[in-house]
Amino acid sequence: MLPKSLSSRLLLAFTFIVVLTLAISAVGTLFLLREQQEEAAEERVGRLAEPIAVMLALLERSEVPPDQIQNTVEGFAESFDVRVLLVDDEGNVTYDTEGGLRGGVVDPAIDTRQVERRGSAEFRMAPYDEGGEDLVLFAAASDSIELTSAQLGQIQAFISDYAATGDSDPAVLQSLVSEFAANIGAGLSIPLPSSRPLVAVDSAEITAAWRDVLPQITIAGGIALVAAFAVAALFSRSITGRLARVTRAAQAMATGNYDQRVEAGGEDEIGRLANAFNDMATQVSRSDQMMRDLLGNVSHELKTPLTSIQGFSHAMEDGAISSDEEYKEAGRIISVEAERMNRLIEDLLELSRLESGQAMVRREPVDLEDVLHTCAERVERATDGDGTKIDLDVHDLPRIQGDGRRLEQVFTNLMENAVRHSDDGREITVRAEAENGHVKVAVHNTGSYIPEEELPRVFERFFQLDRNRAVTGSGLGLAIVSEVVHAHGGTVRAESARDRGTQFVVDLPVKPPTNGR
């Protein structure tokens with residue numbers, strides 16, 4: 001059963017991968033080293049055949065008794081942990097350090113086998129599988145061995161050890177060594193003894209030589225496993241720790257605490273997740289604040305007309321209004337305030353439909369020049385002769401694909417907004433031009449200034465730069481403008497300067513975007 005925590009599962013997965021990798025590596029290493037280890041084992045044993053043969057040849061030439069030669073052979077076998085056989089020319093085993101093959105026969109053809117070379121060692125070898133024995137036999141490479149200075153040094157060391165046993169006087173051996181040393185430069189060679197020594201080892205020691213590296217591989221694998229486990233634990237904790245921070249921040253947001261941010265900690269997937277979470281938190285916090293502002297603003301906007309309606313209705317009900325003129329004025333005010341409430345509610349519904357994508361935006365050819373002229377005439381009539389003039393600089397505009405009714409709503413709202421924020425008699429300028437498959441329309445007035453830090457907020461619902469200034473409208477016009485323009489695949493921005501006033505620039509594509517609403 002898998003653990004529940006991601007950290008434990010990651011650690012388990014990393015550990016499994018590391019163990020599997022180490023196992024495959026170990027098997028592969030043993031497979032590659034197997035032949036090398038076998039050859040090394042053959043070289044190690046094969047190197048013994050020649051020096052043992054030389055020593056026995058010296059002993060034989062010194063007429064050392066056979067029993068002492070056998071004792072020497074026993075010493076060799078014990079020192080080098082091998083089995084030594086003495087074999088005559090016909091293959092008869094005259095002596096076996098372990099006794100099992102004494103009196104038996106081995107194949108004398110080992111002398112005709114190909115000389116094996118392992119590193120700098122040369123020897124002959126042959127398998128022996130008879131009488132329940134499974135051996136590999138090693139013999140000197142030739143019938144005679146050319147002596148070298150190094151071999152003479154080894155022989156002298158042997159003589160010293162031989163003399164220490166006290167079995168016989170080594171003087172004869174010493175005289176032989178002196179004779180050999182005098183003739184060493186003349187290519188002196190010594191024939192092998194009549195009873196040839198064969199070094200025998202169990203074949204399993206050769207074929208299973210690879211097992212000698214198992215302890216080292218096991219230790220190395222264990223160290224690697226511990227190190228990998230520690231690294232995997234740190235790596236797992238680094239991943240899950242960052243995820244845990246995102247989780248805690250998300251849980252805090254679920255309780256209504258939207259002021260949450262997490263450190264990205266890198267450019268990887270978790271870092272991008274943290275950045276996405278921070279962006280989401282910012283948007284959620286902003287949306288929450290906008291919702292609070294919306295409720296407050298809607299309450300504020302509805303309170304004024306409701307107060308007027310309620311006040312005049314109570315006055316009419318209580319008899320405080322008696323004349324026909326007062327009744328008419330009260331009715332007119334109630335009608336105006338009710339209309340104001342109605343426009344506010346309609347604009348809220350319209351904005352909600354646009355933001356949710358439920359509002360249908362038609363795609364049909366629209367003559368933008370006609371739309372702008374129609375909007376300008378409508379707004380000028382609504383100014384009721386206060387001297388406001390809308391100057392249109394519009395010509396040679398291509399037809400665009402869009403919703404004519406909603407585009408009229410956009411430019412009517414922008415022009416009305418410009419009129420509301422201009423002094424009486426000021427001129428409103430509307431310029432439009434086509435460029436690179438887009439149409440840009442700029443609505444400009446010279447009577448207002450918006451600080452640069454407030455420009456990004458002008459398209460928020462109910463945003464007012466100066467709340468003490470009495471303005472008409474629902475406060476949703478620019479928010480609706482932004483949504484309609486974006487639904488057409490365009491953009492809208494506000495620009496403002498103290499000496500030039502404020503203008504809103506709408507950029508609309510001539511052809512609708514393929515992913516447009």
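The values are calculated or read from the model by the stated rules, or taken from the named source; none is laboratory data. Computed from a predicted structure; not experimentally measured. Backbone-built Cβ (ideal geometry, glycine too); neighbour counts: all protein chains shown.
Can you spot a residue in segment 110-119 that is of a type in the set (Val, Ile, Thr), in contact (Cβ under 8 Å) with a residue 40 or more places away in the chain and surrounded by 13 or more Cβ atoms within 10 Å (Cβ to Cβ)? Looking for residues that are of a type in the set (Val, Ile, Thr), in contact (Cβ under 8 Å) with a residue 40 or more places away in the chain and surrounded by 13 or more Cβ atoms within 10 Å (Cβ to Cβ), one finds at least one in segment 110-119, hence yes. Annotation note: Cβ proximity below 6 Å between a residue of segment 461-485 that is not assigned by TED's automatic domain parsing to the domain that holds Ile345 and a residue that is modelled with pLDDT of 70 or more and of a type in the set (Gly, Ala, Ser) (sequence gap 6+ or interchain) occurs for Arg461/Ala479. Of all the residues in segment 126-146, those that are without any contact (Cβ under 8 Å) to a residue 40 or more places away in the chain and assigned to a strand (DSSP E or B) number 1.
Return yes or no: is Arg343 assigned to a helix (DSSP H, G or I) and free of Cβ contacts under 8 Å to residues at least 60 places away in the same chain? In short, no. Only a single item in (1) free of Cβ contacts under 8 Å to residues at least 40 places away in the same chain; (2) surrounded by fewer than 18 Cβ atoms within 10 Å (Cβ to Cβ) is not met by Leu302, and it is number (1). For segment 425-463, a residue qualifies if it is polar (S, T, N, Q) and either at pLDDT 80 or above or in contact with a helix residue (DSSP H, G or I) (Cβ under 9 Å, 6 or more places away or on another chain) (or both), and the qualifying residues are Thr429, Asn436, Asn445, Ser448.
I'm trying to understand the selection: among the residues of segment 113-125, which are of a type in the set (Gly, Ala, Ser) and part of a strand (DSSP E or B)? So that I can check it myself, show each step before the final result.
Pass one, segment 113-125, residues of a type in the set (Gly, Ala, Ser): 119-121.
Result: Ala121, single match.
For the condition among the β-branched types (Val, Ile, Thr), modelled with pLDDT of 80 or more, more than 30 Å from Glu90 (Cβ to Cβ) and not assigned by TED's automatic domain parsing to the domain that holds Val105, Val231 does not qualify. Give just the number: which of (1) in a helix (DSSP H, G or I); (2) buried (at least 20 other Cβ atoms within 10 Å of the Cβ) does Val84 not satisfy? Answer for Val84: the failing condition is (1).
Checking each residue in segment 308-340 for being at pLDDT 80 or above, buried (at least 17 other Cβ atoms within 10 Å of the Cβ) and not charged (D, E, K, R) picks out Ser308, Ile309, Phe312, Ala330, Ile334. Residue pairs whose Cβ atoms lie under 7 Å apart, separated by 6 or more positions or on different chains, with the first residue in segment 44-57 and farther than 16 Å from Tyr95 by Cβ and the second of a type in the set (Lys, Arg), are Gly46/Arg118.
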